[in-house]
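Single-structure report; data block below.
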Amino acid sequence: MPDQEVIAELTHAYAVPWGINILLAILVFVVGKFIVSIIVSVLGRILGRTKLDKILVEFVQSVVNTILLIFVIVASLDQLGVNTTSLIAVLGAIGLAVGLALQGSLQNFASGFMLLVFRPFKAGDFVEGGGTMGVVERISIFTTTMRTPDNKEVIIPNGAIYGGNIINWSARETRRVDMVFSISYDDDIRKAKKIISEVFAKDERILPEPEPTIVVGELGDSSVDILARPWVKTDDYWPLKWHMTEEIKIAFDENDISIPFPQMDIHLDKAQ
């Protein structure tokens, strides 16, 4: 009988309260996790209606899900009587240590977040950044992948891109093609400018507005430099520049307009 009374007393004093606390902790965790999943799902649908990148939406969902689950776990442990204050302090210390150890990665992470939010470029754009020029293929949280004109794949840390100047060659629908054609001082400047204008007029890729600029830019040491600056659609930039360079050279040759080599006159005085 005394043993049964001790067992009953222990059961009443410890087993029942602990059992109730365990059940409540499990209930808090299950219900909390269910609520978290609903919140994350609703957040994903809301962000999905915006112009944010899919990668960024998924990342935000993942971060929110992790943070809310931590709160749910802490609440469950608190229901069990665990000293959550000490646990939170330990987690904070661990987070600080990890943050200090991963400073470079966190910088790339923050830069990737900013790139995805502000969108200075998107996949498919031809950009220059992080010391590389190429077509953007993928933008992830830590790195950006580019394909160079000679078909090399370059993976660049986002911190290197966001921390410097970014030139997006595809951002505008039109671009100006800057070309310089040098002629001899003995050649007719007006004739050379007319030839360039006629060659431009034959190419439908050159836009009528803004009107192409054809002017004398500089009187060099060996040549007269004529600046030719037509406007084209961005996709036509390189094909037109290469084509115009060849066509104008041919037109100059047909009209006896010379492109001089660098030269220097040397005068020798006879010794007295």
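Scanning the range 200-224 for residues that are surrounded by 15 or more Cβ atoms within 10 Å (Cβ to Cβ) and charged (D, E, K, R) yields a single hit, Arg205. Residues that are surrounded by fewer than 15 Cβ atoms within 10 Å (Cβ to Cβ), of a type outside the set (A, V, I, L, M, F, W, C) and in contact (Cβ under 8 Å) with a residue 24 or more places away in the chain within the range 124-175 comprise Gly124, Gly131, Gly163, Gly164, Asn165, Arg172, Glu173, Thr174, listed in sequence order. Within the range 197-215, if we keep just the residues that are among the hydrophobic types (A, V, I, L, M, F, W, C) and touching a helix residue (DSSP H, G or I) at 6+ places or on another chain (Cβ under 6 Å), the residue that is nearest to Glu254 (Cα to Cα) turns out to be Val199.
Of all the numbered requirements in (1) touching a residue at least 60 places away in the same chain (Cβ under 8 Å); (2) buried (at least 17 other Cβ atoms within 10 Å of the Cβ); (3) under 20 Å from Arg119 (Cβ atoms), Asp187 misses one, and that requirement is (3). If you take the residues of the range 190-218 that are outside any loop (DSSP other than H, G, I, E, B) and without any contact (Cβ under 8 Å) to a residue 24 or more places away in the chain, which of them is nearest to Phe118 (Cα to Cα)? This residue is Thr213. Just one of the numbered conditions (1) at pLDDT below 80; (2) within 19 Å of the chain's Cα centre (by Cα); (3) part of a helix (DSSP H, G or I); (4) not hydrophobic (A, V, I, L, M, F, W, C) is not true of Lys51: (3).
The values are calculated or read from the model by the stated rules, or taken from the named source; none is laboratory data. Note that the structure is predicted; figures quoted are calculated from it, not measured. Note: ideal-geometry Cβ built from the backbone for every residue, glycine included; neighbour counts use all protein chains shown.
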